[in-house]
Each structure stands twice: as C-alpha cells, then as structure tokens.
Amino acid sequence: STWKENIDGIVFGPHVRVPLTQFVKMIPEGFPIRQYPDICHIAGAQFALNFLSHVWAFTHQRQAVAPSPEFMDSIVRQRANGSTPTIGVGAYSEGVGDDWNKAVWSGVAFQPYRSVKNIVADYARYYFGADLEETAAGLILGLEQNWIGDPAENKEITKTFALAQKLEKDGKDVLAKSWRLQALVKRAYNDVYQQRRYVCGLESVAGAMSALQRTWSADHRLDEAKKSLERDCVDKTMSSYKKRVLDLASAINKTLGAEVLQTQDKMLNIQLIDEPVSDVPFLLDQVKSIKKLKSSHDKDRAIAKLTGWTDPGKDGFYAALASVPQSPNL
C-alpha cells in the first residue's frame with residue numbers, strides 16, 4: 001500500500017514553518033486539512049500575544065489564564081475567508097486553562113454570523129448562570145483588554161477588577177465550586193497586583209534618577225537614590241490582593257487540580273508573582289557598587305554614566321529589547 005492509502009487527512013498546527021495558505025497548496029488534492037491551533041500559550045507560540053508587555057511576560061511566561069476572545073475571533077475569521085479551505089478544528093491545549101478560547105473557536109466557526117461578545121455571553125450564562133452572565137462576560141472580555149498597552153496607563157485593569165469583586169459578592173456560591181470562575185477572578189486580582197507593583201517600581205526609579213542628577217555630593221545622591229529604590233511597594237492593600245491570588249490558586253487545585261488547568265505550569269504562575277518588573281533591582285545593584293568606589297571623582301563619573309544609560313550620543317539610537325515602544329528602530 002502507498003502512504004496515500006493509509007492517510008485520511010493532514011493536520012496544520014504549531015511548528016509548521018510555512019503559512020497556512022502555502023501549506024494548503026503543498027498538500028496533494030483530495031486530502032482534507034484540519035486545523036490544530038495553539039490556543040493555550042501567550043508567548044513562544046503559534047499565536048503569541050504580540051501586544052504583550054514585559055510585565056505580563058515576566059510574571060506568567062508561556063502559559064497562563066489568558067482569555068483572548070477578540071484576538072481568537074479575528075484569527076478564526078481570517079482563516080475562514082475562503083483562502084485556506086480546511087475541515088474542522090482540533091485545538092492544541094496544555095490543560096483546560098484555555099477553555100474560553102475553545103468556546104470562541106467553536107462558536108465562531110459554527111455560527112460565524114454571531115458576534116464574539118454574544119458567544120462570550122452564552123459561555124458565561126451556561127457556566128455561571130443567567131444572574132451572573134453580564135458581569136462574567138464583562139470579566140472575560142476585560143481580562144483581554146488588561147494585557148493590551150502599557151500596564152501603568154491601562155485603566156481597564158481597575159474596571160475589570162471591579163467586575164471580579166462584584167462576582168465575588170454576587171456569585172459567592174458559584175465561585176466556591178467553579179474552577180472557571182476561580183481562574184478568571186484570580187487573573188483579575190493578579191493583574192491589579194502586578195500593575196501596582198509596576199507603577200510603584202517606576203516611581204522608585206524616577207525618584208532615584210532624580211536624586212542622582214542633583215548637585216549634592218556623590219555620597220548624598222547615592223544614599224537618597226538607595227532610599228528610593230528600597231521603598232516597600234507592597235502595602236496592606238496589595239498584600240491582601242496577593243493573598244487572594246494564592247488562596248484562589250489553592251481553591252483551583254481543590255476543585256479541579258492545578259495540573260489539569262495548566263499542565264506546563266502546575267504552580268499556576270504563583271512562583272512568578274513577585275518577579276521583578278522594573279529597573280529597581282538593576283539600579284539598586286549599580287548604586288551599591290558605585291558607593292564602594294573610593295574617590296568622589298570615580299563616583300561622579302559612574303553616576304553620570306548610569307544616569308545617561310539611555311543616551312546613545314550623537315547619531316546613535318537606544319533600544320530596549322524588552323519594550324517595543326522603546327525600540328522603534330528594531
């Protein structure tokens with residue numbers, strides 16, 4: 001027998017190195033093609049979130065609870081425009097933490113005339129009940145908006161967090177039993193926690209750089225910079241947010257099993273919850289190192305170099321590899 005007689009169809013999925021449009025042309029006529037999309041990873045993936053800030057990348061890495069209804073909706077519709085004839089979808093998952101994305105792929109592919117917001121509302125009503133439908137749907141849509149743009153400026157994070165708190169109050173019984181709702185609420189708490197950590201870090205860095213650029217003595221500037229960088233960013237409110245994240249992770253492990261939600265990250269990202277998201281550790285290390293220099297002249301030169309870190313000089317340009325907005329030349 002030939003290989004053609006033993007193969008019923010071809011699958012297009014992650015790690016295929018050609019576009020789907022080209023892939024379709026490469027397959028012999030008569031073989032159906034099924035899509036096998038990666039809908040569970042946020043980075044280093046077939047459909048990586050290209051708008052992802054380093055804040056979310058550092059604190060979640062590849063696998064996370066990341067409902068992306070509008071992003072997934074756009075992918076499904078582009079792949080169903082007639083240019084790439086395929087039959088069906090079998091999603092690539094690592095656990096069930098992409099449950100909401102599966103619903104979008106299935107709903108849009110089955111009933112393309114429906115809006116993604118309508119499909120998300122159906123999902124929320126089915127799993128959380130009619131009374132929580134509007135708030136839960138808003139939470140799912142909001143979590144996607146949380147990760148778009150600069151976390152320090154994103155006002156959607158606070159709005160989404162308010163929806164999560166409303167669900168905690170209005171859907172207490174559902175939350176106690178539903179791993180889906182637990183996962184979504186946990187993400188909302190973590191988002192607001194990370195945003196506040198990031199903003200605090202930016203303020204600490206700004207305070208330190210301001211002190212280093214004053215006309216005081218080198219030692220005085222270094223001491224004031226150190227004070228700013230050693231500021232404790234986790235206040236009582238933030239501590240309560242962190243505790244809630246940890247409590248919800250524990251609840252998920254009891255209602256479902258952490259390894260079932262995220263098979264590639266059984267810690268549910270909590271091992272990354274305090275991962276540095278600003279330049280505070282780098283600058284603090286530099287300030288301490290400069291402080292150890294013996295002469296004021298050497299300290300002044302080192303401070304000048306540090307405060308001019310992002311100045312490329314005449315005809316040069318500065319690029320921050322972890323930040324697309326700061327790297328327009330790349």
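We did not get these values from a lab; they are worked out from the coordinates using the rules stated. This structure is a prediction, so every number in the text was calculated from the model and none was measured. Glycine also receives a Cβ, built like all others from the backbone with ideal geometry; neighbour counts cover every protein chain displayed.
For the chain, what is the relative contact order in percent, using Cα pairs closer than 8 Å and at least 6 residues apart in sequence?
The value is 16 percent.
Out of Gly138, Gly90, Gly30, any idea which swings most in a Gaussian network model of the chain, alpha carbons joined below 10 Å?
Gly30
Whose amide H sits under 5 Å from the amide H of Lys266, counting only residues 5 or more places off or on another chain, with H placed in the peptide plane?
none
For Lys177, give me every one of the lysines with a C-alpha distance below 16 angstrom, ignoring sequence neighbours fewer than eight places off in its own chain.
Result set, ordered by chain and number: Lys169, Lys186, Lys254.
Using a 4.7 Å Cβ cut-off, which Cys residues in the chain lack a partner cysteine?
By the Cβ distance rule, which asks for a partner under 4.7 Å, the isolated cysteines are Cys40.
Can you give me the long-range amide H partners of Tyr92? Hydrogens built in the peptide plane at 1.01 Å from N, cutoff under 5 Å, separation of 5 or more residues or another chain.
Correct list: Asp38, Ile39.
List the pairs from Lys159/Lys243; Lys242/Lys292; Lys227/Lys299 whose alpha-carbon separation is above 27 Å, in the order I gave them.
Lys242/Lys292
Pop the C-beta distance of Glu134 and Lys288 into the FRET formula with R0 = 41 Å and round what comes out to the nearest 0.05.
Approximately 0.20, to the nearest 0.05.
Could you check the spin-label model distance between Ser250 and Phe110? Points 7 Å from the Cα along Cα→Cβ, value in nm.
3.8
Here are some values of Cα extents along the principal axes in Å: (1) 81, 52, 34; (2) 164, 60, 42; (3) 80, 51, 48. Which one was computed from this structure?
Structure-derived value, by its label: (1).
List the residues whose amide H sits under 5 Å from the amide H of Val11, counting only those 5 or more places along or on another chain, with H placed 1.01 Å from N in the peptide plane.
Arg34
Using 7 Å Cα-to-Cβ label points, what is the Lys117/Asp8 separation (nm, one decimal)?
Inter-label distance under the simple model: 4.1 nm.
Between Thr237 and Ala176, what is the spin-label point distance in nm, taking each point 7 Å from the Cα along the Cα→C-beta axis?
In this crude spin-label approximation the distance works out to 2.9 nm.
Helix 296-307: angle to the longest alpha-carbon principal axis of the chain, degrees 0 to 90, nearest 10?
Helix 296-307 sits at roughly 30 degrees to that axis.
If exposed means no more than 11 neighbouring beta carbons inside 10 Å and the site is in a DSSP loop, what's the longest run of the chain without any exposed GluC sites (Glu not before Pro)?
Longest run free of exposed loop sites: 154-330.
Helix-derived [θ] at 222 nm for the chain: sum -39500 (n - 2.57) over DSSP H runs of at least 4, divide by residue count, nearest 500?
Values: 15 runs with 183 residues, N = 330.
Taking each H run of at least 4 residues, the total per residue is -17500 deg cm²/dmol.
Mind listing which chymotrypsin sites (Phe, Trp or Tyr not before Pro) in the range 20-76 are in a DSSP loop and have 12 or fewer other Cβ atoms within 10 Å? Write down the numbers at each step before the final one.
On the way: sites: Phe23, Phe47, Phe51, Trp56, Phe58, Phe71; in loops: Phe47, Phe51.
Passing sites in the range 20-76 are Phe51.
For the range 69-75, take each phi angle, set θ = phi - 60°, evaluate the Karplus expression 6.51 cos²θ - 1.76 cosθ + 1.60, and give the result in whole Hz per residue in order, putting x for glycine and proline.
x, 6, 5, 5, 4, 5, 5
Lys and Arg at +1, Asp and Glu at -1: add these up for the other residues within a Cβ distance under 9 Å of Lys291 and post the number. The partial results should precede the final answer.
Values: positive: Lys226, Lys288, Lys292, Lys299; negative: Asp219, Asp223.
Every neighbour counted, the sum reads +2.
Return the single residue from Val16, Val287, Val205 with maximal mean-square fluctuation; model: Gaussian network over the chain, springs between Cα atoms under 10 Å.
Val16
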